[in-house]
1. One residue is enough: does the range 11-27 have a residue meeting the conditions aliphatic (A, V, I, L, M), more than 26 Å from Arg191 (Cα to Cα) and surrounded by 15 or more Cβ atoms within 10 Å (Cβ to Cβ)?
2. Whether any residue in the range 102-113 is more than 16 Å from the chain's Cα centre (by Cα) and surrounded by 16 or more Cβ atoms within 10 Å (Cβ to Cβ) is what I want to check.
3. Residues in the range 48-67: is at least one among the charged types (D, E, K, R), in contact (Cβ under 8 Å) with a residue 24 or more places away in the chain and closer than 14 Å to Pro96 by Cβ?
4. Which pairs do you get when a residue that is of a type outside the set (Ser, Thr, Tyr), found in the range 188-200, comes within reach of a residue that is assigned to a loop (DSSP other than H, G, I, E, B) and at pLDDT 95 or above, reach meaning Cβ atoms under 6 angstrom, with the pair 6+ apart or on two chains?
5. For the range 110-211, please list each of the strands (runs of 3 or more DSSP E) lying entirely inside it that holds at least 1 residues being among the aromatic types (Phe, Trp, Tyr) and over 24 Å from Pro15 (Cα atoms).
6. Just checking, how many residues over the range 152-201 are more than 18 Å from the chain's Cα centre (by Cα) and over 25 Å from Gln32 (Cβ atoms)?
7. Where the second residue is surrounded by 16 or more Cβ atoms within 10 Å (Cβ to Cβ) and small (Gly, Ala, Ser) and the first is touching a residue at least 12 places away in the same chain (Cβ under 8 Å) and within 16 Å of Ile195 (Cα to Cα) and lies in the range 1-25, which pairs have Cβ atoms under 8 Å and are six or more apart or on separate chains?
8. Specify which of the listed residues (Leu41, Leu26) is closer than 22 Å to His136 by Cα, not charged (D, E, K, R) and not in a loop (DSSP other than H, G, I, E, B).
Amino acid sequence: MTSRPRSLLELAGAPRHPGSFESSVLVLIDLQREYLESGGLPLVGIEGAVAALGRLLALARRHGTPVFHVAHHARPGAKLFDPGSPTSHIIQGLEPVSGEEVVTKSLPNAFARTDLQDRIQSTGRQELLVAGFATHMCVSSTARAALDLGYRTTIVASATATRDLPDPLGTGGSVPAHIVQQAALAALADRFAIIVPDVEALGPARAARPI
């Protein structure tokens, strides 16, 4: 009988509890209109992911967790993520509020050619809560880089989404988004991040902090 596969984190005996709002910063990756149905790169399941992101952001604000919004900007006039296009704007309802930092990137990894590392270090926290788009691309790249920088990362699966991809083996077919999503999260869970299914797995809400 074949035994259940185990992740490298399990085999190493590493702690596998999710990060907390009290010990982490929240890194929200590319919550941009480009990924909506009205954008140039619509994702499968985007509506549910946006709703989950709204709950995650509200909880982080309630707990006083530092929030970093990362936005991807391509070259002016580019077909996708043109900084001058409305589709590069943050999705309505998920926009930054006063006191939350915004980092602009031009590569999938949010730490590459940005000052995100310095900004996070200034909080004194060593754990990341990560969510956003797309799972297989910028979320994955950022979580992998975070390990190299010494961070412990938790990813909220329901607050991520991806899309169908071309089959790389030349069949002319495609790999469905739900398979891409599952494979991307499984690869990250092997070594790079703790994966939780939804926002509720991070713990119950608490009363708002006094102003």
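The values are calculated or read from the model by the stated rules, or taken from the named source; none is laboratory data. This structure is a prediction, so every number in the text was calculated from the model and none was measured. Counting neighbours? That spans all protein chains shown, and the Cβs are built from the backbone with ideal geometry, glycine included.
1. Of the range 11-27, the ones aliphatic (A, V, I, L, M) are 11-12, 14, 25-27.
The next check asks that each one be more than 26 Å from Arg191 (Cα to Cα); those that pass are none.
So far as the range 11-27 goes, no, none of its residues is aliphatic (A, V, I, L, M), more than 26 Å from Arg191 (Cα to Cα) and surrounded by 15 or more Cβ atoms within 10 Å (Cβ to Cβ).
2. Scanning the range 102-113 turns up no residue that is more than 16 Å from the chain's Cα centre (by Cα) and surrounded by 16 or more Cβ atoms within 10 Å (Cβ to Cβ).
3. Within the range 48-67, the subset among the charged types (D, E, K, R) is 55, 61-62.
Filter once more, keeping what is in contact (Cβ under 8 Å) with a residue 24 or more places away in the chain: 55, 61-62.
Those still in the list that are closer than 14 Å to Pro96 by Cβ too: 61.
Within the range 48-67, one or more residues are among the charged types (D, E, K, R), in contact (Cβ under 8 Å) with a residue 24 or more places away in the chain and closer than 14 Å to Pro96 by Cβ.
4. Ala189/Ser7; Asp190/Ser7; Ile194/Pro18; Val196/Pro18
5. Numbers: elements: 127-133, 152-161, 194-196.
By residue number, 127-133.
6. 7
7. Close Cβ pairs (under 8 Å, with a partner that is surrounded by 16 or more Cβ atoms within 10 Å (Cβ to Cβ) and small (Gly, Ala, Ser)) amount to Ser7/Ala189; Leu9/Ala189; Phe21/Ala60.
8. Values: Leu41 fails: not in a loop (DSSP other than H, G, I, E, B).
None of the others qualify; the one that does is Leu26.
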